[in-house]
1. Look at residue 139 and say whether it is touching a residue at least 40 places away in the same chain (Cβ under 8 Å), assigned to a helix (DSSP H, G or I), assigned by TED's automatic domain parsing to the domain that holds residue 213 and touching a helix residue (DSSP H, G or I) at 6+ places or on another chain (Cβ under 6 Å).
2. What do you reckon, is residue 150 closer than 16 Å to residue 262 by Cβ, in a strand (DSSP E or B) and at pLDDT below 95?
3. Please work out if residue 25 is modelled with pLDDT under 90, in contact with a helix residue (DSSP H, G or I) (Cβ under 8 Å, 6 or more places away or on another chain) and surrounded by 14 or more Cβ atoms within 10 Å (Cβ to Cβ).
4. Given 48, 86, 54, which one is under 23 Å from the mean Cα position of the chain (by Cα) and surrounded by fewer than 22 Cβ atoms within 10 Å (Cβ to Cβ)?
5. Has the range 146-167 got at least one residue that is touching a strand residue (DSSP E or B) at 6+ places or on another chain (Cβ under 8 Å), buried (at least 16 other Cβ atoms within 10 Å of the Cβ) and under 18 Å from residue 278 (Cα atoms)?
6. Which numbered condition trips up residue 72, out of (1) over 24 Å from residue 148 (Cβ atoms); (2) free of Cβ contacts under 8 Å to residues at least 12 places away in the same chain?
7. Quick one: in the range 57-69, which of the residues that are farther than 18 Å from residue 149 by Cβ and surrounded by 21 or more Cβ atoms within 10 Å (Cβ to Cβ) is farthest from the chain's Cα centre (by Cα)?
8. I need the full set of residues from the range 77-119 which are part of a loop (DSSP other than H, G, I, E, B) and free of Cβ contacts under 8 Å to residues at least 60 places away in the same chain, in order please.
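The values are calculated or read from the model by the stated rules, or taken from the named source; none is laboratory data. Not measured: the values here are computed from a predicted model. Positions of Cβ are backbone-derived with ideal geometry, glycine not excepted, and every protein chain shown enters the neighbour counts.
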């Protein structure tokens, strides 16, 4: 994650938790299709299809990109502040129960806290990783600058559309995995693979910490030859560093999304991963 240098006015809002004047922001009366990203770190925050006119004076969205925005009680003890999950930048406030959209939610966001990437400029790619419990894998990958969305699910096995209980039984051959949609102009596949290795113990076979079973294996599911070669080169570097790498490299297949209660688990519950820890290796 790399934070951008801010102007004094950007710092007043983003760091000091100020508010821009109503109706003054460049994205208030703005209707182009694309993605709104954090001004400070570049993380994707909102899709244009979630934006609506609330006539409140600031850009309004009724949904964020999964895991991109976190909230806490405001200093005034009454409102709920929203911040970029990746870097903690102040975005604005969220209000519920107003009945303005079917989702009954309004993210009131300062324009100055965001940049906009037009739809025709946004190019995305997909990566799939397994590194033990998918809650922890998602926790770290979704925070990386340039990651647009993440989903936890199952892949690499024999059973179509399996349930969590089926995968946990060890009979499906699936691994708990995370599908990552990312912007290659903001983060490379190589950087994602490095983060994958630096957030779990890739020397363990069919386990991660206290979680034991084939579904908790370390595996990279590549979508093309370039991704495969990137993974192989990084594993070669790790071997040269003296690590005994247990990570498998496998062609990507069907990815079956897990139940909703597994998605963004730690963001929903406010906890920290119990078997994933970041450590600098490369």
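1. Values: touching a residue at least 40 places away in the same chain (Cβ under 8 Å): yes; assigned to a helix (DSSP H, G or I): yes; assigned by TED's automatic domain parsing to the domain that holds residue 213: yes; touching a helix residue (DSSP H, G or I) at 6+ places or on another chain (Cβ under 6 Å): yes.
In short, yes.
2. Numbers: closer than 16 Å to residue 262 by Cβ: yes; in a strand (DSSP E or B): yes; at pLDDT below 95: yes.
The answer is yes for residue 150.
3. no
4. Every option except 48 fails the conditions.
5. Yes, the range 146-167 has at least one match.
6. It is condition (1) that residue 72 fails.
7. Selected residue: 58.
8. Once the filter is applied, which keeps residues that are part of a loop (DSSP other than H, G, I, E, B) and free of Cβ contacts under 8 Å to residues at least 60 places away in the same chain, the range 77-119 yields 77, 78, 79, 88, 97, 98, 99, 100, 101, 102, 103, 104.
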